[in-house]
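This report concerns only the one structure given below.
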Amino acid sequence: MFAFPPAPVVTVPVEGGSRFPVRRIFCVGRNYADHAAEMGHDTREPPFFFSKPSDAVVPSGSSIPYPPATADLHYEGELVVAIGPGAGVFGFAAGNDLTRRDLQAEAKAARRPWDMAKGFDNSAVIGTIRPGALPDGLLVTTVEGVERQRSALSMMIWSVPEIIGHLSQLVNLAPGDLIYTGTPAGVGALQRGQTCTVTIEGLEPATVTFL
Ligand code: MN
């Protein structure tokens, strides 16, 4: 007997009409050399991970409030891996790892956790999941139709199998887990009223508009 009604299961649409039930959201930091460099880091360190709560998911096409407690909300266009039964790859989606960059900078300076910079409400934008093969084309992020990020997915420092290998040494990946695989160079700020779209060849775009 629940003391009160449990929160509904968070889901993401899957091509073909079913829904992917989300369990956890993991994110890779600094997985493109050009983005690591723009953030002032060297590119040879092993991958590291942070997470977002599952209910941070925002389906593509949503309009969401500009988040509280920030004056520097950034987009990060990313390929998302969806983990399915047997902890294997279920499919892929385009995603946007929304970041309160000012809070992240404060956390870094104080050697504090990134949770409030990364894991806030409505911080995990995701498009429809496509089951099947790993995309290998271009990732492009636009703001108000103006291109801000463009990279081949092949420019990742750590490939999808390598990311899964590293993460699997830290946690038991399970069906429903999502992995945001890092963003290329060109991150920048979003303003109220703007629409940001992450496009990956072969996948549905992930679009969000800020109220
Ligand atoms: Mn990211």
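Derivation of every value follows stated rules applied to the coordinates shown; laboratory data play no part. Everything numeric here is computed off the predicted structure, so don't read it as measured data. As a convention, Cβ positions derive from the backbone with ideal geometry for all residues, glycine included, and neighbour counts pool all protein chains shown.
Details
- Backbone amide hydrogens, once placed in the peptide plane, bring Tyr32 within less than 5 Å of Ile157, Thr183, excluding anything fewer than 5 places away on its chain.
- Here the stretch 159-211 is treated as a Stokes sphere of Kirkwood radius computed over C-alpha pairs; at 10 °C and 1.306 mPa s its diffusion coefficient rounds to 113 µm²/s.
- In Å, descending, principal axis extents of the Cα set of the stretch 11-210: 40, 36, 29
- Relative contact order (percent, whole number), the stretch 11-210, Cα cutoff 8 Å, 6+ residue spacing: 33 percent
- Selection of GluC sites (Glu not before Pro), the stretch 88-182, meeting DSSP coil and at most 14 other Cβ within 10 Å: Glu144
- Ellipticity at 222 nm from helices only: DSSP H runs of n ≥ 4 in the chain, each -39500 (n - 2.57), divided by the residue count, give -3500 deg cm²/dmol.
- On full extension, the segment bounded by Asp115 and Glu15 gains 32.9 nm, given 0.36 nm per residue less the C-alpha separation.
- Zone of Asp102's modelled label, taken as backbone nitrogen in the stretch 47-73 under 15 Å from a point 7 Å along Cα→Cβ: 66-73
- Under Karplus coefficients 6.51, -1.76 and 1.60, residue-wise ³J(HN,Hα) of the stretch 136-143 in Hz, glycine/proline x: 9, x, 9, 10, 10, 10, 10, 10
- The HN-Hα couplings worked out from phi for the stretch 191-200 by the Karplus form 6.51 cos²θ - 1.76 cosθ + 1.60 (θ = phi - 60°) are 10, 3, x, 8, 10, 10, 10, 9, 10, 10 Hz, whole numbers, x standing for Gly and Pro.
- Remark: the chain carries a charge dipole of roughly 420 debye about the Cα centre, counting +1 on each Lys and Arg Cβ and -1 on each Asp and Glu Cβ.
- Backbone amide hydrogens, once placed in the peptide plane, bring Phe92 within less than 5 Å of Ala82, Arg130, Gly132, excluding anything fewer than 5 places away on its chain.
- Low-density loop positions, trypsin sites (Lys or Arg not before Pro), the stretch 47-128 - DSSP coil, at most 10 other Cβ in 10 Å: Arg111
- R0 of 41 Å, Cβ-Cβ distance Glu201-Phe48: FRET efficiency to nearest 0.05: 0.90
- At an R0 of 25 angstrom, the distance between the Cβ atoms of His41 and Ala69 translates into a FRET efficiency of 0.50.
- Cα centroid separation - the stretch 58-78 against the stretch 120-153, whole Å: 14 Å
- Within the listed set Gly176, Gly40, Gly188, the Gaussian network model of the chain (springs between alpha-carbon atoms below 10 Å) gives the highest mean-square fluctuation for Gly40.
- Each residue of the stretch 173-187 was assigned a 3J(HN,Hα) from its phi angle through the Karplus curve 6.51 cos²θ - 1.76 cosθ + 1.60 (θ = phi - 60°); the sequence is 4, 9, x, x, 6, 10, 10, 7, 9, x, 10, x, 4, x, 4 Hz, with glycine and proline shown as x.
- In a DSSP loop and with at most 11 other Cβ atoms within 10 Å, the trypsin sites (Lys or Arg not before Pro) in the stretch 1-53 are Arg44.
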